[in-house]
Amino acid sequence: MSQAQDGGKGLTYSQAGVDIDAGNALVKRISPLVKATRRSGADGEIGGFGGLFDVKGAGFKDPILVAANDGVGTKLKIAIDSDQHATVGIDLVAMCVNDLIVQGAEPLFFLDYFACGALDVERATAVIAGIAEGCKISGCALIGGETAEMPGMYAKDDYDLAGFAVGAAERGQLLPSADIKEGDVLLGLTSSGVHSNGFSLVRKIVEVSGLGWQDAAPFEADKSLGEALMAPTRIYVKPILAAIRETGAVKAMAHITGGGLPENLPRVLPDALAARINLDAINAPAVFRWLSQTGDVAQSEMLRTFNCGVGMVVVVSAEKADEAIAKLEAEGETVLRLGQLEARSGEAVVFDGALDMSL
């Protein structure tokens with residue numbers, strides 16, 4: 001009989017870099033966070049081999065399911081380097097559920113994947129607490145996830161995130177609708193900052209600036225540069241659901257992520273229509289002005305890399321535009337009249353005016 005079989009000094013999983021006890025401790029720590037996301041259709045429990053959701057129990061009669069998955073990208077490097085982990089979970093949920101809502105789907109449940117080099121229970125708990133908070137903001141249940149400790153695949157302090165969200169809409173109510181037409185109005189919902197796209201360029205600009213993550217943010221008083229750049233992605237779900245259901249004005253939406261306005265708006269427009277946008281209507285937040293000035297980034301590059309202050313575009317009928325604006329503002333959104341749809345004769349997105357990037 002070998003030493004390992006006889007309880008001797010054979011190798012263990014822990015010596016290979018995987019701490020099973022830490023994983024079990026994490027499950028105990030996050031269980032209350034998961035239960036706090038309970039909603040109709042989900043019981044909020046965790047620990048089984050699969051998460052359950054009752055779509056009928058959520059109130060749907062003839063639903064079409066809509067699924068989305070995403071990550072946080074290299075914004076995670078700033079979280080790791082500046083040791084700020086409380087809000088990246090919100091980012092993760094936001095990137096998924098904002099993609100669901102543009103199709104008119106109500107987010108129902110969420111699952112996460114957390115991979116790391118070495119499991120730090122405190123840090124992982126902070127990340128998952130952010131995920132739970134994002135789920136509460138968007139009204140979906142966190143019904144499961146996976147934590148993978150992979151020494152050799154990731155450096156000790158590195159981790160990565162992926163998220164998976166499923167929503168539903170009643171059959172026949174998915175967006176974009178078939179009645180989008182010339183003259184429809186484009187409304188912009190303001191962003192909370194850079195959100196979760198373009199951070200490879202952000203990190204390059206910070207490198208050029210010579211600043212560290214703990215230095216004061218030049219564009220936001222009383223915050224470090226790391227804190228200011230880690231502002232979580234805005235979740236638009238509940239205000240937009242209210243506008244869809246209570247005004248009947250919403251025809252289409254575009255979540256402004258990587259590619260910015262020029263690449264995301266055409267995804268929801270008919271081939272015969274173009275979006276004409278007045279850039280003078282956008283009051284770009286100070287973070288974008290600083291990025292543009294510090295990196296000497298051209299307007300065209302800013303527009304196709306960042307949201308530049310507009311995190312979501314909503315297409316509404318002209319006759320109901322005022323009603324839609326009033327509802328969205330009542331739900332806490334800041335709404336910009338960006339322009340309208342017109343017959344397409346060239347590019348799918350046409351810009352008038354210019355972004356003001358002066359500091």
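A few comments on the model shown:
- Yes/no for Glu227 being in a helix (DSSP H, G or I), touching a residue at least 60 places away in the same chain (Cβ under 8 Å) and touching a Ser or Thr at 6+ places or on another chain (Cβ under 7 Å): no
- Here the range 149-164 is the region considered, the condition is being in a loop (DSSP other than H, G, I, E, B) and open to solvent by 60 Å² or more (accessible area, probe 1.4 Å), and the residue that is farthest from Phe114 (Cα to Cα) is Gly152.
- Applying the criterion of being more than 14 Å from the chain's Cα centre (by Cα) and among the polar types (S, T, N, Q) to the residues of the range 97-140, the residue that is farthest from Val34 (Cα to Cα) is Gln103.
- Of all the numbered requirements in (1) open to solvent by less than 50 Å² (accessible area, probe 1.4 Å); (2) modelled with pLDDT of 95 or more; (3) part of a loop (DSSP other than H, G, I, E, B); (4) among the aliphatic types (A, V, I, L, M), Ala86 misses one, and that requirement is (1).
- Restricting the search to strands (runs of 3 or more DSSP E) fully inside the range 246-359 and requiring at least 1 residues that are closer than 23 Å to Val72 by Cα and touching a residue at least 12 places away in the same chain (Cβ under 8 Å) gives 250-255, 310-316.
- Residue tally, condition among the aliphatic types (A, V, I, L, M), surrounded by 12 or more Cβ atoms within 10 Å (Cβ to Cβ) and assigned to a helix (DSSP H, G or I), over the range 201-211: 4
- Filtered by the rule that a residue be among the charged types (D, E, K, R) and buried (at least 18 other Cβ atoms within 10 Å of the Cβ), the range 278-303 gives a lone residue, Arg289.
- Of all residues in the range 212-242 being modelled with pLDDT of 95 or more, more than 30 Å from Lys327 (Cα to Cα) and small (Gly, Ala, Ser), the one that is most open to solvent (accessible area, probe 1.4 Å): Ala216
- Val34 vs. criteria in contact with a Gly (Cβ under 9 Å, 6 or more places away or on another chain), surrounded by 15 or more Cβ atoms within 10 Å (Cβ to Cβ), of a type in the set (Val, Ile, Thr) and over 30 Å from Gly198 (Cβ atoms): yes
- Here Ile78 fulfils each of the conditions (1) in contact with a strand residue (DSSP E or B) (Cβ under 8 Å, 6 or more places away or on another chain); (2) open to solvent by less than 10 Å² (accessible area, probe 1.4 Å); (3) not aromatic (Phe, Trp, Tyr); (4) not in a strand (DSSP E or B) apart from (1).
- Matching residues in the range 126-148 - criterion: being within 19 Å of Ala25 (Cα to Cα) and open to solvent by 30 Å² or more (accessible area, probe 1.4 Å): Ala126, Ala129, Gly145, Glu146, Thr147
- When Asp21 is tested against (1) open to solvent by less than 50 Å² (accessible area, probe 1.4 Å); (2) over 29 Å from Thr257 (Cα atoms), just one condition goes unmet, and that condition is (1).
The values are calculated or read from the model by the stated rules, or taken from the named source; none is laboratory data. Source: prediction; values computed, not measured. Because the Cβ atoms are built from the backbone with ideal geometry, glycine has one as well, and the counts that use them run over all protein chains shown. Surface areas here come from the heavy atoms of the whole protein model, side chains and all, with no ligands, DNA or RNA. Shrake-Rupley method; radii C 1.70, N 1.55, O 1.52, S 1.80 Å.
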